[in-house]
1. With each pseudo-label sitting 7 Å past Cα toward Cβ, what's the V73-I15 distance in nm, one decimal?
2. Can you work out the FRET efficiency for the pair F25 and V52, with r the C-beta to C-beta distance and R0 = 22 Å, to the nearest 0.05?
3. State, to one decimal in nm, how far the label point of I34 lies from the label point of L60, with both points 7 Å from Cα in the Cβ direction.
4. Which whole-number percentage describes the relative contact order of the chain, with Cα contacts under 8 Å and a sequence gap of 6 or more?
5. When the helices in the chain are scored as -39500 (n - 2.57) per DSSP H run of 4 or longer and the sum is shared across all residues, what 222 nm value do you end up with, to the nearest 500 deg cm²/dmol?
Amino acid sequence: MTTVTPHYFTGFTGILFGVGALVFFLVLTILSLIAWVRILNKAGYSGWWVLVGVVPLVNLIMFFVFAFADWPVRRQLRGQR
């Protein structure tokens with residue numbers, strides 16, 4: 001069985017497409033991580049918690065912990081009243 005490769009993904013065009021897709025993915029990933037770190041910092045947590053998102057199953061557990069926990073920002077607001 002032979003596979004047919006479309007002519008527009010061969011040679012220099014294919015390399016250029018692959019590099020462009022890789023650069024787009026890296027930029028999107030970096031911007032997403034920056035946004036998540038800022039969200040965590042505004043919520044009162046350390047930005048390093050973003051690394052938990054890389055660990056399977058732990059990220060789901062921490063998602064629910066963050067969703068239902070009493071956020072440090074809210075504790076500070078209650079303490080100021």
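We did not get these values from a lab; they are worked out from the coordinates using the rules stated. Keep in mind that what you see is a predicted model, and the values were worked out from it rather than measured. Cβ sites come from the backbone with ideal geometry, for glycine too, and all protein chains shown count toward neighbours.
1. Result: 4.7 nm between the two label points.
2. FRET efficiency, F25 to V52: 0.55.
3. Output for this residue pair reads 3.2 nm.
4. 18
5. Computed mean residue ellipticity for the chain: -22000 deg cm²/dmol.
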